[in-house]
Amino acid sequence: MKKPSAQGIGHLARLSALIGLLLCFGAATPALGAGTLDKIKDSGKLIVGYASDMRPFAYSDASGKPAGYAIDLCNRVADGVKGELKLAVLTVEFVALSRDEAFRAVEQGKADLLCGAVPTIERRAALDFSIPIMVSGTGVAVRTDAPARLVAVLTDREVSGPIWRGSTDQAPQRVVLAVVAGTTVEKALATRLKERRIVADIVTVKDTDAGLQLLATHGAQAFFNDRSLLLDAVARSKSPGDIRVLDRLFRRDIVALAMRRSDDDFRLAVDRALSRLYRTQDVVAIYSKYFGAPSGTALEFFQMVALPD
């Protein structure tokens with residue numbers, strides 16, 4: 001038999017090494033591509049991130065435990081995932097996250113689910129979102145002694161004469177508007193003022209309570225935030241009669257649950273759990289607990305967004 005040449009032996013060695021390298025990559029692929037459901041099944045744990053200052057959507061109660069409308073929905077999602085994976089026990093670990101770290105935590109896999117967020121094009125570039133859990137709306141709070149003309153402008157009522165000329169019954173020459181930093185409302189407000197050529201100063205606050213405090217101490221003439229958050233915070237304040245939340249909604253936003261991008265199986269499990277909940281009276285009880293009895297529009301919303309089996 002003819003012995004292989006040195007060149008042939010070198011070729012076989014390189015081929016063997018290449019096959020070994022491919023086999024190594026092949027073995028590693030399932031781990032690298034493991035989805036959230038695989039992770040949950042292996043660990044027996046679902047990690048849920050939430051904002052601790054978004055009452056009544058999501059917040060930490062007096063004992064430091066997570067509470068709120070979105071928290072209750074996330075617990076129902078956990079029950080659905082537990083049943084789908086046929087787990088005897090599933091631990092749900094809630095992690096309070098700031099606005100700055102919330103989306104990054106989901107991207108990096110430190111949280112499997114984010115309990116409530118407004119989907120935007122920018123956010124969709126990094127994350128996926130569930131079917132909606134609610135339609136929210138941006139409202140505004142003012143002091144009860146706010147100038148009539150300022151209230152007229154904010155409620156979009158027709159006014160005659162100069163709007164921003166100071167007098168005892170008019171808005172000041174240059175108003176100060178407060179908004180929570182890092183929210184979609186902040187960007188939308190700045191854009192809207194520019195479009196309308198309205199001269200105003202925007203100041204940012206860390207949360208709803210801080211915004212109402214600034215308003216109460218005359219540090220701002222109006223405070224823009226989610227209307228449900230404003231109503232809840234005013235009702236809980238020490239002097240609820242000093243602040244009023246106007247009826248007007250300036251914009252509507254869809255709220256959903258956020259998760260890692262391109263994880264279709266997990267997103268399907270989340271959407272399935274929410275859809276099944278929306279078709280029951282349980283969702284009415286959860287909604288009523290935090291926002292009062294749902295209107296016909298709210299009930300229609302749940303039926304509309306629920307996906308059929």
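Looking at Ala141, Ala152, Ala146, which one is in the same structural domain as Leu177 (by TED's automatic domain parsing), in a helix (DSSP H, G or I) and closer than 30 Å to His218 by Cβ? Give the steps one after another, and end with the answer.
Values: Ala141 fails: in a helix (DSSP H, G or I); Ala146 fails: in a helix (DSSP H, G or I).
Testing whether each residue is in the same structural domain as Leu177 (by TED's automatic domain parsing), in a helix (DSSP H, G or I) and closer than 30 Å to His218 by Cβ leaves just Ala152.
For Asp247, state whether it is of a type in the set (Asp, Glu), closer than 18 Å to Val305 by Cβ and either outside the structural domain of Leu193 (by TED's automatic domain parsing) or surrounded by fewer than 21 Cβ atoms within 10 Å (Cβ to Cβ) (or both).
On the way: of a type in the set (Asp, Glu): yes; closer than 18 Å to Val305 by Cβ: no; either outside the structural domain of Leu193 (by TED's automatic domain parsing) or surrounded by fewer than 21 Cβ atoms within 10 Å (Cβ to Cβ) (or both): yes.
So Asp247 fails the test.
Name the residue, out of Leu154, Leu97, that is buried (at least 19 other Cβ atoms within 10 Å of the Cβ) and under 18 Å from the mean Cα position of the chain (by Cα). Steps first, please.
Values: Leu154 fails: under 18 Å from the mean Cα position of the chain (by Cα).
Selected residue: Leu97, the only one of Leu154, Leu97 that is buried (at least 19 other Cβ atoms within 10 Å of the Cβ) and under 18 Å from the mean Cα position of the chain (by Cα).
Check whether at least one residue in segment 297-307 is of a type in the set (Gly, Ala, Ser), part of a helix (DSSP H, G or I) and buried (at least 19 other Cβ atoms within 10 Å of the Cβ), and report yes or no. Spell out how you get there, then give the answer.
Here is the first cut: in segment 297-307, the ones of a type in the set (Gly, Ala, Ser) are 298, 306.
If we keep only those that are part of a helix (DSSP H, G or I) too, we end up with 298.
Filter once more, so that each one left must be buried (at least 19 other Cβ atoms within 10 Å of the Cβ): none.
No, segment 297-307 contains no residue that is of a type in the set (Gly, Ala, Ser), part of a helix (DSSP H, G or I) and buried (at least 19 other Cβ atoms within 10 Å of the Cβ).
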Practice item. For Ser228, indicate whether it is in contact (Cβ under 8 Å) with a residue 12 or more places away in the chain, among the hydroxyl-bearing types (Ser, Thr, Tyr) and closer than 30 Å to Ile40 by Cβ. Key: no
Practice item. Any chance you could count how many residues in segment 243-278 are on the phi > 0 side of the Ramachandran plot and modelled with pLDDT of 95 or more? Key: 0
Point to revise | Neighbours by Cβ (under 9 Å, 6+ apart or cross-chain): first from segment 179-201, without any contact (Cβ under 8 Å) to a residue 12 or more places away in the chain; second of a type outside the set (S, T, N, Q) and part of a helix (DSSP H, G or I) | key: Ile198/Val153; Ile198/Arg192
Study note, to complete from the structure: Among the residues of segment 35-79, the number that are among the charged types (D, E, K, R), assigned to a strand (DSSP E or B) and under 24 Å from Ala306 (Cβ atoms) is 0
Study note, to complete from the structure: For segment 92-108, pairs from a residue that is outside the structural domain of Ser60 (by TED's automatic domain parsing) and closer than 11 Å to Tyr50 by Cβ to a residue that is of a type in the set (D, E, K, R) and loosely packed, with under 14 Cβ neighbours inside 10 Å, with Cβ under 8 Å and 6 or more apart or across chains, are none
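Of all residues being small (Gly, Ala, Ser) and crowded, with 18+ Cβ neighbours inside 10 Å in segment 106-131, which is farthest from Lys65 (Cα to Cα)? Just the residue, please.
Step one: list which residues in segment 106-131 are small (Gly, Ala, Ser), which gives 109, 111, 116-117, 125-126, 130.
With the extra rule that they be crowded, with 18+ Cβ neighbours inside 10 Å, the set shrinks to 111, 116-117, 130.
Details: Ala111: 17, Gly116: 17, Ala117: 20, Ser130: 24 Å.
For segment 106-131, the residue satisfying everything is Ser130.
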Review point. So how many residues does segment 30-57 have that are surrounded by 21 or more Cβ atoms within 10 Å (Cβ to Cβ), of a type in the set (Gly, Ala, Ser) and modelled with pLDDT of 95 or more?
Key: 1
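Please verify whether segment 80-94 includes one or more residues that are within 26 Å of Asn225 (Cβ to Cβ) and not in a strand (DSSP E or B).
Step one: list which residues in segment 80-94 are within 26 Å of Asn225 (Cβ to Cβ), which gives 94.
Of the ones still in play, those that are also not in a strand (DSSP E or B) are none.
The answer is no; no qualifying residue exists.
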**Study point:** Residue count for segment 91-147, restricted to those that are modelled with pLDDT of 95 or more and among the aromatic types (Phe, Trp, Tyr)
**Key:** 2
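The values are calculated or read from the model by the stated rules, or taken from the named source; none is laboratory data. Small disclaimer: the values here were computed from a predicted structure and weren't measured. All Cβ positions, glycine included, derive from the backbone under ideal geometry; neighbour counts span all protein chains shown.
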